[in-house]
1. On the basis of being in contact with a Lys or Arg (Cβ under 6 Å, 6 or more places away or on another chain) and of a type in the set (A, V, I, L, M), does ALA161 make the cut?
2. Pick out, from region 86-196, the helices (runs of 4 or more DSSP H) lying fully within it that include 3 or more residues that are of a type in the set (Gly, Ala, Ser).
3. If you check GLU166 against the conditions, is it of a type outside the set (S, T, N, Q) and under 20 Å from ARG292 (Cβ atoms)?
4. In region 149-184, which residues are surrounded by fewer than 21 Cβ atoms within 10 Å (Cβ to Cβ) and of a type in the set (Gly, Ala, Ser)?
5. How about region 75-99: which of its residues are among the hydrophobic types (A, V, I, L, M, F, W, C), over 15 Å from THR31 (Cβ atoms) and surrounded by fewer than 16 Cβ atoms within 10 Å (Cβ to Cβ)?
6. Among the residues of region 30-84, write down those that are among the aliphatic types (A, V, I, L, M), in contact (Cβ under 8 Å) with a residue 12 or more places away in the chain and closer than 27 Å to PRO211 by Cα.
7. Scan region 17-39 for residues that are under 24 Å from the mean Cα position of the chain (by Cα) and assigned to a helix (DSSP H, G or I) and report the count.
8. Pick out the one residue from THR14, THR51, THR9 that is at pLDDT below 95, assigned to a helix (DSSP H, G or I) and either in contact with a Leu (Cβ under 6 Å, 6 or more places away or on another chain) or closer than 21 Å to GLU123 by Cα (or both).
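The values are calculated or read from the model by the stated rules, or taken from the named source; none is laboratory data. Nothing here was measured: the structure is a model prediction, and the numbers come from that model. When we count neighbours, we look across all protein chains shown, and the Cβ atoms used for this are built from the backbone with ideal geometry, even at glycine.
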Amino acid sequence: MVLEFLSYTGGGPTPKFSPYHVWKAYDAISTQGPVGRKTLSQILGIGEGSTRTILNKMVRKGTVENTKKGAILTERGWRQFRNSGISVAPLQIGDLTIGSRDCAVLVKGLADRINTGYEQRDEAVRAGAIGATTLIFRDGKLMFPDDPEVPEQSKFLPIRALFALEDNDVVIIGTAQSYEAAEKGAVTAALALSDSTRPCWQDGTSGLISPDAEAEELKCLALAVHELVGRMPVTMRSRNNNGVRCEDGKVVDINYTGPVLEESLRRNTIIRRIAPSGHYRGVPVVVVPIVRRKEAVAVFGIVDITRGGMFELISRTRKENL
């Protein structure tokens, strides 16, 4: 998910709020904003101090702006919340659930993280729901993850009416005696799912990276790869924003792009060649796209300085660009 709901903390040994409250804050501000801290605190059901902590971090991330009338989402906040990977809606599904109120949460592209579905039920119950039902979407059909039989699809028509489903999507239905508890349970389970481990570098795994990701969101990953390849220069950008360039163990550019990065994004393929222009002109580079649903959402580039004379070439290229 784009928004780092799980990176927020409540301070002290026992957090005073959960990732659900962070998600709910974004949701409330997007639908009711501008909204004051006191009102938001009442919506979230937590203290004003915890609400202030959440808002302050939103402001630092550039996703929320405080105005005289209250908090509003910035353009970046709107974009990231829309692309956060989950959609939430009330649901009436008959006898599929055990509570009187249900909430459905669509989680994009994470069906390969589902085991039996009991894990999501347990997360929902810990959050205050009385249960949860997990479904995965495969080959155009909704299925129970622990049952190889394809169920009768007509019972799922209310879900199909709510969401535009694609293969590998997950639907978690929280159930409780109140909608608020059902929503909290389902969203909590969805957010926990987004933080679980997952195989990397496979089609669909790049839901962790958005095509709108900015340099601040990419730099830690780029630096990690930079260390893994022996501190050879590493570059990275998303589809819609320039990114970062790493050298000598640090980020040296936070508005970087290059011709081979752009070609890899455009062609959606791995490219190995001598850079024709830009900062690494004349130096061999390898660029690998990160693909989601057959479209490159971001690209990594490694500058190959292991071949003879590459350090000298880089030095000369830098001097020519000064």
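1. Answer is no for this residue.
2. 179-194
3. yes
4. Passing the criteria: SER154, ALA161, ALA164, SER178, ALA181.
5. Correct list: ILE98 only.
6. ILE54, LEU55, MET58, VAL64, ALA71, ILE72, LEU73
7. 14
8. Checking each option against the conditions leaves just THR51.
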